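A short write-up of the structure that comes next.
Nothing in this text is a laboratory measurement; each read-out follows from the coordinates by a stated rule. Being a predicted model, the structure only gives us computed values, none of them experimental. No Cβ is skipped: glycine too gets one built from the backbone with ideal geometry, and neighbour counts run over all protein chains shown.
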Amino acid sequence: MDPAKEVGGDFYDFFLVDDDHLCLVMADVSGKGIPAALFMMASRIIIANNAKMGKTPAQILTDTNATICSNNKEEMFVTVWLGILELSTGKLTAANAGHEFPALMPTDGKFTLYRDKHGFVIGGMEGMKYKEYE
């Protein structure tokens, strides 16, 4: 195995929002190298802070976009798929900010792409509102 020559901006995260809600995040920052890695870390922290306030997936992405756009001199962006899983019911509510379609595996064991409606990337334009789905 060869070491990577550059760091990137992909990240995956999951954490408990409270005793009954698990937040799942898949994201990809534009660019490579140290700037992308730093932007990735900032994005990750902003997303987690918004999620831990008990917001919906759409509101998490909307507020994250507002924060990032307010001071984005490098004009970087991040694609994000974010879901909140209600552990007691198994209900998943999600929102997508320009990320790839999520792959689902039902009980039959066959993966399928869930062709959700993408919102615009985070950091790309102020004032964006995101929609969520179950």
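Assorted remarks:
- Modelled FRET efficiency - R0 41 Å, LEU16 with LYS73, Cβ distances, 0.05 increments: 0.75
- Members of LYS52/LYS117; LYS32/LYS110; LYS91/LYS117; LYS55/LYS110; LYS32/LYS55 lying beyond 28 Å, as alpha-carbon distances in this model show: LYS32/LYS110; LYS55/LYS110; LYS32/LYS55
- Antiparallel bridges, percent of DSSP beta bridges restricted to the chain (to nearest 5): 95
- The phi torsions of the range 27-43, fed into the Karplus equation with coefficients 6.51, -1.76 and 1.60 and a -60° offset, translate into couplings of 8, 8, 8, 5, x, 9, x, 4, x, 5, 5, 5, 5, 4, 5, 5, 4 Hz, rounded to whole numbers, with Gly and Pro shown as x.
- The chain: relative contact order as a whole-number percent, Cα under 8 Å and 6+ apart: 25
- Remark: the range 67-76, residue by residue, has Karplus-estimated 3J(HN,Hα) of 5, 5, 5, 5, 8, 10, 5, 7, 6, 8 Hz, where x stands for each Gly or Pro and the curve is 6.51 cos²θ - 1.76 cosθ + 1.60 at θ = phi - 60°.
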